[in-house]
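What follows is a set of notes on a single structure, which appears directly below.
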Amino acid sequence: LADNASAAAPSWQMDWTARLNGNARLAEELDLMKHGIRADRGTISFTSIAPDEKLFDLDNVKRAFLDRMSVEGNVLLNYGYAKGYKPLMDYLLRYMDHKGVDLKGKDILITNGFTEGFDIVLSALSRPGGSVICENPTHHTALKNLKLHGFDITGIAMERDGIHLGELE
């Protein structure tokens with residue numbers, strides 16, 4: 001019966017690649033990691049900012065997670081506050097207030113990292129024909145996101161002590 005049922009079922013395939021918009025195609029084209037482009041030996045690569053996993057203190061991460069689980073239980077595993085983990089946000093606001101930061105009219109949004117945060121900022125700031133100046137070299141994902149948001153990018157060379165001020169002017 002199973003063989004007959006599968007033979008009778010209509011067969012169709014979805015060409016997902018054909019459904020991609022121009023922005024998705026450009027993102028794929030700009031993704032150096034997917035295309036296997038690697039930096040030459042001895043070069044500092046800006047294609048990824050992932051740290052060496054050996055730098056993570058796994059024992060303290062486990063301890064911190066178990067501490068929070070003992071306080072919050074299953075609630076910790078649920079979706080939570082849309083702008084980020086509320087106890088962390090409250091802690092950061094107290095910390096900044098203690099350091100003298102003027103928090104009047106300010107807010108915090110916790111993201112999953114640089115790429116998400118930068119994309120949110122660019123989504124809010126981008127407009128047709130926008131321009132940006134950045135250090136050259138700079139982080140590849142920053143360049144990729146700037147291009148995806150339509151910014152015209154001007155890279156300014158770096159000198160031993162920072163950005164080339166003459167070129168910046």
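Brief remarks on what is shown
- Asp119 exposes around 60 Å² of accessible area when a 1.4 Å probe is run over every protein chain in place.
- Surface calculation, 1.4 Å probe, protein heavy atoms: Glu29 sits at approximately 130 Å² accessible.
- When Asp31, Asp15 are compared by accessible area at a 1.4 angstrom probe, the order from most to least is Asp15, Asp31.
- ³J(HN,Hα), Karplus 6.51/-1.76/1.60, whole Hz, each residue of the stretch 106-113, x for Gly, Pro: 9, 8, 10, 10, 8, 10, 7, x
- A straight chain from Glu53 to Asp152 at 0.36 nm per residue would run longer than the Cα-Cα distance by 32.1 nm.
- The magnitude of the dipole of the stretch 47-169, with charges of +1 and -1 set on the Cβ of Lys/Arg and Asp/Glu and taken from the Cα centre, is near 480 debye.
- Listed values for the stretch 117-134 are Karplus-derived 3J(HN,Hα) couplings in whole Hz (6.51 cos²θ - 1.76 cosθ + 1.60, θ = phi - 60°), namely x, 5, 5, 5, 4, 5, 4, 7, 9, 5, 8, x, x, x, 10, 8, 10, 9, and x replaces Gly and Pro.
- Computed over protein heavy atoms with a 1.4 angstrom probe, the accessible surface ordering of Ser126, Ser70, largest first, is Ser70, Ser126.
- Ranking Phe118, Phe65 by solvent-accessible area of protein heavy atoms (1.4 Å probe, all protein chains present), from largest to smallest, gives Phe65, Phe118.
- Using a probe radius of 1.4 angstrom, the carbon and sulfur fraction of the accessible surface of the stretch 79-169 is 55%.
- Summarising the label geometry, the points placed 7 Å from Cα in the beta-carbon direction at Asp102 and Glu167 lie 3.6 nm from one another.
- Close amide H partners of Glu135, meaning residues 5 or more places away or on another chain with modelled amide H under 5 Å apart, are Ile156.
The values are calculated or read from the model by the stated rules, or taken from the named source; none is laboratory data. All values reported here derive from a predicted model rather than from experimental measurement. When we count neighbours, we look across all protein chains shown, and the Cβ atoms used for this are built from the backbone with ideal geometry, even at glycine. Keep in mind that these areas ignore ligands, DNA and RNA; they rest on the heavy atoms of the full protein, side chains included. Shrake-Rupley method; radii C 1.70, N 1.55, O 1.52, S 1.80 Å.
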